[in-house]
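Take a look at the structure set out below.
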Amino acid sequence: MAADRRKFQILSLFLIFLGCFRAVESEQPKIGGTESSPQHPVTLFTADLNATSSDVKKTLPTNTTQTDDPTTPPTGAQTTKGPTDGPPTCPSNARCSVLAAQCVQCTYNSSCVYGRDITVECHVKEGIQCVGPPTFTRTMKCQFCYQTAETEHDCTHSIDCKVISTPRERFQANCTVKEYIFCFGARTFPKSLECNWTSGYRWSTALILSITVGGFGVDRFYLGQWREGLGKLFSFGGLGVWTLVDVLLIAVGYLGPSDGSLYIY
């Protein structure tokens, strides 16, 4: 009986060991089977490599056409437009009849009455591309370019003149008519203008300084007149008389910045 019991125990241990071995073997991936995950990407990649050229062509978009020339863009594809043939104010996608004055040549009749509206015939300059007929008519005011209003031309400015002077100083500026204004003669012309510029000095600040600490010459220092400021400082504001005079001069606008510019009010 003891021998049979030992045989039964050995057989039981062998069966348990065999079951554990099979369980471990079943958890390992099958290298040659179709259920192994590494086999899927290889199969898909092989299918892509084996695809014929006709299948590849079928997958391309139908709204484009490929060409053998790499410099030729596909037909139907969106391309970025390059620079226009004309100046920046002469876009190639604009209608010819709305181009700027520098983009066209017009036949003017200077015998018209000043200020009246006239009709002129214009054509696009050579080398400029636009949409529509290259010859058209435009309506303009009968005037030379130097007779245009201040809002119709831009002029250069000068800071080398003094604003605080009697009479007001003038300087010669170069003015250019705006691009969509049609007129007779040269589009750039000289024009005498009054000196009118500012460097940032405020009238209110100068007046407050003159009233509060003007006896120490602070108002003169603020306006850039350091010599007069030193004189007021060491004379205690001219015993108060100089201070009162400066308050009145700044209040009426007669005393201004040393650089000759205007106040900011």
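What follows draws every value from the coordinates through simple rules; no lab data is involved. Quantities reported herein were computed from a predicted structural model and do not represent experimental measurements. Glycine gets a Cβ as well: all are built from the backbone with ideal geometry, and neighbour counts include every protein chain shown.
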17 Å cut-off, amide nitrogen to a point 7 angstrom out along LYS191 Cα→Cβ, residues in region 156-183: 156-159, 170-183
Calculated FRET efficiency for the pair VAL98/THR198, C-beta based, R₀ 30 Å, to 0.05: 0.20
C-alpha center-to-center spacing [region 238-253, region 86-136] in angstrom: 60
Phi to ³J(HN,Hα) by Karplus 6.51 cos²θ - 1.76 cosθ + 1.60 over region 133-142, Hz, x for Gly, Pro: x, x, 10, 7, 10, 10, 9, 9, 8, 6
Simple spin-label estimate for TYR180 and GLN105 in nanometres, 7 Å along Cα-Cβ: 2.5
